[in-house]
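Working notes for the structure below.
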Amino acid sequence: MLIFQGMNIALRALRENKLRTFLTLLGNIVGTMSVIAVVSLIGGIDSYVKEEVAGEGSNVFDIERINFFEAITDLDAFLEALARNPRIRLGDVDYLRDKIPSASYVGAAARGEDQVSFRDEWVDRIAIKGRSEEYPMIDDAPLFLGRHFSRLEDQKSTNVAVLGWEVYTRLFPGRDPLGARIKIGRKHFTVIGAVEDLGTVLGESRNRFVYIPINTFLKVYGSRTSIDIKVKAADITLLQQAVDEATMAMRIRHGLRPMEENDFAIVTSENLISLWEKISTSIFNALIFVVSIALVVGGVVLMNVMLVSVTERTKEIGLRKALGARKSNIVWQFIVEAVTLSLIGGVLGILIGFTIAAIISIISPLPYVIAPWSIAAGLIVTFFIGLVFGTYPASKAANLDPVVALHYE
Amino acid sequence: MLIKVSGVKKIYEVGIQKIEAVAGIDLEIERNEYVAIMGPSGSGKSTFMNLLGCLDTPSAGDYWLNGKEVSNLSDDELARIRNREIGFVFQTFNLLPRATAAQNVELPLIYGGIPADERRRRAEEVLESVGLTDRAKHRPNELSGGQRQRVAIARAMVNRPSIILADEPTGNLDSKTGIEIMSLFDKIHQAGNTIVMVTHEKHIAEYTRRVIRLLDGKIESDVRTG
Ligand SMILES: Nc1ncnc2c1ncn2[C@@H]1O[C@H](COP(=O)(O)OP(=O)(O)OP(=O)(O)O)[C@@H](O)[C@H]1O
Ligand SMILES: [Mg+2]
């Protein structure tokens with residue numbers, strides 16, 4: 001019941017002086033808020049990275065001229081690769097096809113962005129994906145209607161297109177698109193198929209694309225662009241073997257000597273995940289640093305406010321002692337008060353943190369998840385902040401001489 | 001014998017100076033006595049009351065309360081004695097400003113570990129005995145000075161202490177209210193309680209049955225009047 005009493009006193013102090021309490025608890029609020037917001041967002045991105053990147057195309061990897069992620073992880077290596085690595089050409093894809101026994105499919109891929117239009121309707125900033133004819137086996141592209149293009153159409157650089165769901169529904173609402181003559185940029189294409197609705201990921205539509213044959217792509221967008229090679233391992237267990245075979249084949253193709261570094265990049269979803277893990281770990285480390293400072297500052301402020309409160313209530317403490325309060329009673333009273341205040345800061349921080357995470361995920365494509373452990377961590381940490389930083393003021397109160405305290409003015 | 005004090009001293013050291021606030025007092029008080037302590041300012045009245053009330057321990061001498069030696073107990077043991085054996089009434093009332101009259105009265109019972117329903121019952125009971133049943137839910141700032149002191153007296157009695165100690169209980173009240181409070185003390189005394197009261201005023205001391213005069217920390221006179 002002394003616990004409730006202490007909580008009551010703390011809550012009353014909170015109500016009576018909201019601004020002062022808020023400032024007192026700012027450290028705790030900022031601390032827990034950052035934990036909750038960052039953990040929610042990182043958790044959201046984490047589950048995206050793990051499910052989408054790893055789940056879907058886990059046995060597909062890319063051979064690219066440059067790994068752009070290297071710009072983040074190793075800028076020097078990235079710049080060197082930028083200067084040195086030769087571009088990858090269609091001939092490389094054909095060369096690789098029978099050099100990777102562990103792969104079930106090897107295909108060419110290139111990507112641009114353009115406007116797609118039909119009569120008076122158009123959609124901007126659509127991903128134009130150039131592909132060799134194996135792409136339905138490599139990409140996630142189930143047909144909604146029509147067909148994919150054939151090898152012959154690719155070889156002849158035919159102007160045919162398979163539409164993504166959004167392009168299809170925007171240009172042909174309720175109409176049959178097959179055989180229609182659309183324009184990609186300024187070039188005319190015949191629609192031969194449309195892909196199912198693939199939903200959204202990270203708040204971004206996965207339906208804003210058009211597939212065209214790779215040779216057509218190179219003809220339209222310039223044959224000097226470097227392309228990517230997509231390799232699908234026959235089985236997830238063969239992924240590493242396929243990577244090794246592809247690396248070996250590319251090195252031979254480029255005539256590299258044993259000591260020379262690869263002049264191409266292999267990007268697997270595992271790469272992406274480990275890159276993400278690197279980034280999220282450094283965010284976490286920075287977070288722990290910021291949060292510790294906020295909480296220590298918060299604790300010290302809390303301690304000072306409690307010390308002021310002890311001084312203001314010296315006479316009350318003297319009275320309580322005169323009426324029979326033992327040291328432990330007084331210690332309890334002030335510790336409960338400090339812990340309650342601290343926890344209020346924690347709860348406010350948690351609420352604000354989730355609000356921030358929710359707002360960020362509304363205005364940006366970042367998803368967020370509520371991690372129960374982060375709530376528990378926030379509450380436990382603020383509980384201990386109150387306990388640790390409330391102990392000194394509480395023991396100061398408990399050790400007051402009753403006679404002196406009673407006559408304090 | 002309720003109280004037996006022998007050779008009790010309280011010495012304050014201020015710098016190199018030693019002040020004998022209580023300079024050797026021998027005193028016995030029986031159950032159901034009604035004692036006034038008088039004396040000029042600085043004569044040691046409050047200091048002696050603090051010793052009687054176990055708020056402070058003597059520098060020398062012995063103090064038996066209810067047959068128990070209490071002059072060198074630990075802080076927590078003293079707290080226990082104050083809670084069980086002693087009821088304090090102060091000149092400035094010393095009520096918790098944010099608590100209601102009833103909550104103020106319950107405070108000693110909380111520290112005595114009395115369960116909530118019994119606390120409520122006993123608080124009601126003593127508030128009734130000081131004539132404040134209808135003010136139980138009021139806060140101190142909604143009460144007059146006399147009513148506040150009644151609440152304080154109810155609080156002093158709620159634990160049924162062996163002795164009630166009052167340091168100038170009428171000092172902050174006008175004379176009419178002071179007389180009301182004194183007739184309340186009278187009633188409490190007649191109900192069998194032991195009261196020791198510090199006062200400056202003769203007409204207040206006349207309510208009591210024994211007047212002890214202090215001078216320079218010593219008993220100057222000890223006169224029974226009733
Ligand atoms: N904490 C202390 N430190 C030093 N000296 C003290 C202390 N408390 C009291 N004294 C001194 O002890 C003496 C007795 O003080 P006390 O308060 O007991 O007097 P009193 O009789 O109650 O006076 P009054 O009638 O003014 O209340 C005084 O000289 C006072 O200055
Ligand atoms: Mg005095």
Exercise for the section: Take every residue in peptide B:69-81, count the Cβ atoms of other chains within 10 Å of its Cβ, and give the average of those counts. Expected result: 3
Completion exercise
Along the stretch B:3-9, Karplus-curve 3J(HN,Hα) (6.51, -1.76, 1.60; θ = phi - 60°) to the nearest Hz, with x for Gly and Pro, reads 10, 9, 10, 9, x, 6, 10
Problem - Convex hull of the stretch A:105-231 built on C-alpha atoms - directionally averaged projected area, nm² - result: 7.4
Problem - Alpha-carbon centroid distance for the pair the stretch A:200-259 / the stretch A:350-396, whole angstrom - result: 44
Practice task
Place the peptides B:199-207, A:75-83, B:162-170 in order of packing, highest mean first, counting for every residue the other Cβ atoms within 10 Å and averaging per peptide.
Solution key: B:162-170, B:199-207, A:75-83
Exercise for the section: Would you give the gap between the C-alpha center of the stretch B:72-107 and the C-alpha center of the stretch A:272-296, rounded to a whole Å? Expected result: 53
Practice task
Tell me the label-point distance for the pair B:Glu125, B:Arg160, using the 7 Å Cα-to-Cβ offset, in nm and rounded to one decimal.
Solution key: 0.6
Completion exercise
Result row for chain A, helices from DSSP H with C-alpha axial extent 24 Å or more and mean Kyte hydropathy at least -0.5, is A:26-48, A:269-312, A:327-363, A:372-398
Exercise for the section: Please average, across the residues of A:322-334, the number of beta carbons from any other chain that are within 10 Å of each residue's own beta carbon, and give a whole number. Expected result: 6
Exercise for the section: Give me the percent of DSSP beta bridges within the protein assembly as shown that run antiparallel, rounded to the nearest 5. Expected result: 70
Completion exercise
Here, B:Gln190 and A:Leu11, labelled 7 Å along Cα→Cβ, have an inter-label distance in nm of 4.5
Fill in the blank from the handout: Quick shape check on the protein assembly as shown: root eigenvalues a ≥ b ≥ c of the Cα gyration tensor, a/c under 1.5 is rounded, otherwise prolate if a/b tops b/c, else oblate, and it reads prolate
Exercise for the section: Just the number, please: buried accessible area between A and B, total of both chains, 1.4 angstrom probe, nearest 100 square angstrom. Expected result: 2000
Problem - Mean accessible surface per residue for the stretch A:105-231, computed with a 1.4 Å probe while every protein chain stays in place, in Å² - result: 47
Practice task
Run down the aspartates and glutamates and flag those whose C-alpha is under 16 Å from the C-alpha of B:Lys176, throwing out any fewer than 8 positions away in its chain.
Solution key: B:Glu168, B:Asp186, B:Glu201, B:Glu206
Handout entry: FRET efficiency, A:Phe68 to A:Val308 (Cβ-Cβ, R0 56 Å, nearest 0.05)
Key = 0.50
Exercise for the section: Give the angle, between 0 and 90 degrees and rounded to the nearest 10, that separates the Cα long axis of helix B:175-190 from the longest principal axis of the Cα atoms of chain B. Expected result: 80
Problem - Length gained when the stretch A:Ala234-A:Arg253 is fully extended (0.36 nm per residue, less Cα-Cα span) - result: 4.6 nm
Handout entry: Accessible-area composition of chain A, carbon plus sulfur, in percent [1.4 Å probe]
Key = 61
Exercise for the section: Please give the contour-minus-distance gain from A:Arg181 to A:Phe22: 0.36 nm per residue of separation, less the Cα-Cα distance, rounded to one decimal in nm. Expected result: 50.8 nm
Handout entry: Heavy-atom SASA rank of B:Ser221, A:Ser102 (probe 1.4 Å, accessible area, largest first)
Key = B:Ser221, A:Ser102
Exercise for the section: Just tell me which lysines come within less than 19 Å, Cα to Cα, of B:Lys9; anything on the same chain fewer than 8 places away is out. Expected result: B:Lys18, B:Lys45, B:Lys68, B:Lys218
Fill in the blank from the handout: Taking a ≥ b ≥ c as the square roots of the Cα gyration tensor eigenvalues, with a/c under 1.5 meaning rounded and otherwise prolate when a/b beats b/c or oblate if not, chain B comes out prolate
Completion exercise
Note on the stretch A:105-231: contact order normalised by length, alpha-carbon pairs under 8 Å, 6 or more apart, percent, works out to 37
Exercise for the section: Relative to the longest principal axis of the C-alpha atoms of chain B, give the angle of the C-alpha long axis of helix B:75-85, reported between 0 and 90° and rounded to the nearest 10°. Expected result: 60
Problem - Angstrom value of the Kirkwood radius, inverse mean 1/r, which spans all Cα pairs in the stretch B:55-113 - result: 13.3
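The values are calculated or read from the model by the stated rules, or taken from the named source; none is laboratory data. Model, not experiment: these values are computed from the prediction. Heads up, the Cβs are rebuilt from the backbone with ideal geometry, glycines too, and the neighbour counts pull from every protein chain shown. The accessibility values were calculated without ligands, DNA or RNA, using every heavy atom of the protein model including side chains. Shrake-Rupley method; radii C 1.70, N 1.55, O 1.52, S 1.80 Å.
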